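These notes are about the structure you will find just below.
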Amino acid sequence: MVYTNKSPALFIIGIIMLAIWYTADSGMLSGYIDHLAAGKKYKYGAELTTIPLYFGIIAAAMGLWQWLGTHKEGNWDFYSSTVAGGMFILLIAMLVRWFIAPEVAVISQSMGTIGETGKHLHTILGLNYVVMGIVTGIIIVNFFKIPDWATNGVRLSRLGLKTGVILLGTLYSAAELKNLGGLSIVMIGFFVLGSVGMVLWLGARRNIPNSMAGVLSAGMGVCGVSATVAAAPVVQAKSVEIAYTIGTILIWGVGCMFVFPIIGHLLGMSYVQFGAWAGTGILNSAQVAGAALAYQPDGIETLKVAEIFNITRVLVLPIIVIWLAVWYVQREEHITEKVNVGKVIFDKFPVFVLGFILMFALSTTGIFAPANHYKGKYFDNTKIKAENILTDKQVAQLQADAGKVQREDRKAALARLIEGRKVASIDDDATLRGLVNAKVMSKDSNKILKGAHKAVRHTAKKVKAFRDWITWLFAFGLVGLGMQITVGSMKQAGGQPAVIGGIVGAVKAVLSLVVVMMLVSETI
Amino acid sequence: MSENKFDRGSALSIFGSDRREDFMALVFALAITVFVYFSY
């Protein structure tokens, strides 16, 4: 089978990308960009003048060769033919991120804020480039058709997501896991084991086959499709049962991906709270990422917290597989095929999770940023810009409010800040952040303290580069994910699996929301 | 994308198995890491 399609499509995609670059770089788009910026600074200026140039050249050159060249069956033909579909997804991601999502935001802002939320419609509905990219993918696959020349490349989307998850490890450090790890383990342990147990119990009450209940429990409890695939041989699930489970997870996950950010905005959840909730309550790794990015499209703090919870959940998988194996063997007396649980775990455990841990280990050594970096940023009060040293006016403002501070440690840290006109140490920085959160001082003083905090926090260039890579890998993967969500796959969720999955999913989402709101503070 | 019309890989991936896709993701991630490490 020859995969390369002799079509001008990839060449045209390359020309469109180069046209975007040229019009942006030459200033021809400046009027439209000003309109999209709506009085603020347009966030994607640097991307617009670099990314479409590089990828446009590659796409145009490869496109000419695919269009006019001769192609023979083989590895080169198979792998090079994926470029067309990959560039197709990338072009959609570019258009949505740079133009369509900002345009929707402009329209939404012109409609004013919604009720008492103080937020615009697009913020509440999470209508950003991530959600719109997925929706565009769903529309293309269900209302049109993925063009033949793109079908092979669209299958790269999951590779993009997995690569993004591995690289996410570069943004974590031991300092962060020390704060988040314990809570995520307790929460995930409780909710994963609870979900699996609930599905198995409901499955018995509703008389669905043990194999169906087993595979559904893994999917609903752990991490969606990967867990389903891992648990299937243990409970000897039939392919239709795997399909039903994946369909249930998909339809539930898609719903969560859109509903979670809306609820999060309505409740005014912090990034950490929302990340913990999404990482616990949403089933599929990709959908966790989708919801987290939808909640905070231009930052990565929510995604990082959500992924910590998500990764913790994936790490529970071997325990669940062992549990299901024992459970299934006990219930199926007529079982004939012996299942080697250890082999199943070894064969099915997702290696990309180990890649994430490897990147985390590298990050912890300090090769990407100082080892004590927190959220990709690190403390250094020796390289503060002159304009960020506190002015006489700011010092006077802080002195006027200093009497309101009661705690001795906060008083001392504030005194050192006033004296040195910059945050004196990393401990003082933490103390002063606590002072801001306590809202003891006036808004003006808190604003000064926040400024002083930002002045001593620096983002490592390498970490920033990793963030950009991760953002694009996820954007790419999620547009492709949308192209794999067909109406047919959603219909597969019908019947008992959907009912059981819906009950368990809803209980997990509500209970985890309650726990997060009660236990997770703004900064943990 | 629901049925597999390819003679290589699956409906959702160009790779024949999840394990192979995981390893390729690892290779790409390491390549990006090396690039970022020496470029920034």
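Throughout, read-outs are computed from the coordinates displayed, never taken from laboratory work. Everything quoted here is computed from the prediction, not taken from an experiment. Neighbour counts are summed over all protein chains in view; Cβ atoms, including those assigned to glycine, are modelled from backbone coordinates with ideal geometry.
In debye to the nearest 20, how big a dipole does chain A give about its Cα centre with +1 on each Lys and Arg Cβ and -1 on each Asp and Glu Cβ?
In debye, rounded to 20, chain A gives about 600.
In peptide A:465-477, how many Cβ atoms from other protein chains are near each Cβ within 10 Å, on average?
Other-chain Cβ atoms within 10 Å of each residue's Cβ, averaged: 2.
Let me know the mean shielding of A:160-168 by other chains, meaning the per-residue number of their Cβ atoms within 10 Å of its Cβ.
Neighbouring Cβ atoms belonging to other protein chains average 5 per residue here.
Take every residue in peptide A:350-359, count the Cβ atoms of other chains within 10 Å of its Cβ, and give the average of those counts.
Rounded to a whole number, the mean comes out at 4.
May I ask you to list, by number, the DSSP H helices of chain A whose Cα span along the axis is at least 27 Å and whose average Kyte-Doolittle hydropathy reaches 0.0 or more?
Within chain A the helices that satisfy the rule are A:174-205, A:239-267, A:461-482, A:496-519.
Could you please state, rounded to a whole Å, how far the C-alpha centre of region A:399-456 is from the C-alpha centre of region A:226-279?
42
To test your reading of the geometry: what angle, between 0 and 90 degrees and rounded to tens, separates the Cα axis of helix B:18-39 from the longest principal axis of chain B?
Relative to chain B, helix B:18-39 is tipped by roughly 20 degrees.
Which values of log₁₀ I(q)/I(0), to two decimal places, follow from the Debye formula for region A:9-149 at q = 0.10, 0.11, 0.14, 0.18 Å⁻¹ with a uniform point scatterer at every Cα?
Each listed q maps to, in turn, -0.43, -0.51, -0.77, -1.08.
Which entries of A:Lys6/A:Lys41; A:Lys404/A:Lys464; A:Lys422/A:Lys461; A:Lys422/A:Lys464; A:Lys41/A:Lys454 have Cα-Cα distances beyond 31 Å here?
In this structure, A:Lys6/A:Lys41; A:Lys404/A:Lys464 exceed 31 Å between Cα atoms.
Going by average Cβ neighbours within 10 Å, how do the peptides A:252-263, A:196-207, A:460-471, A:101-112 rank, with the highest at the top?
A:252-263, A:460-471, A:196-207, A:101-112
Determine, for B:Val34, A:Val504, the number of other Cβ atoms within 10 Å of each Cβ, and report the residues in order from fewest to most.
Result, fewest neighbours first: B:Val34, A:Val504.
What is the Cα radius of gyration of chain A over 2.2 N^0.38 Å, N being its residue count?
My calculation over the Cα atoms of chain A gives 1.07.
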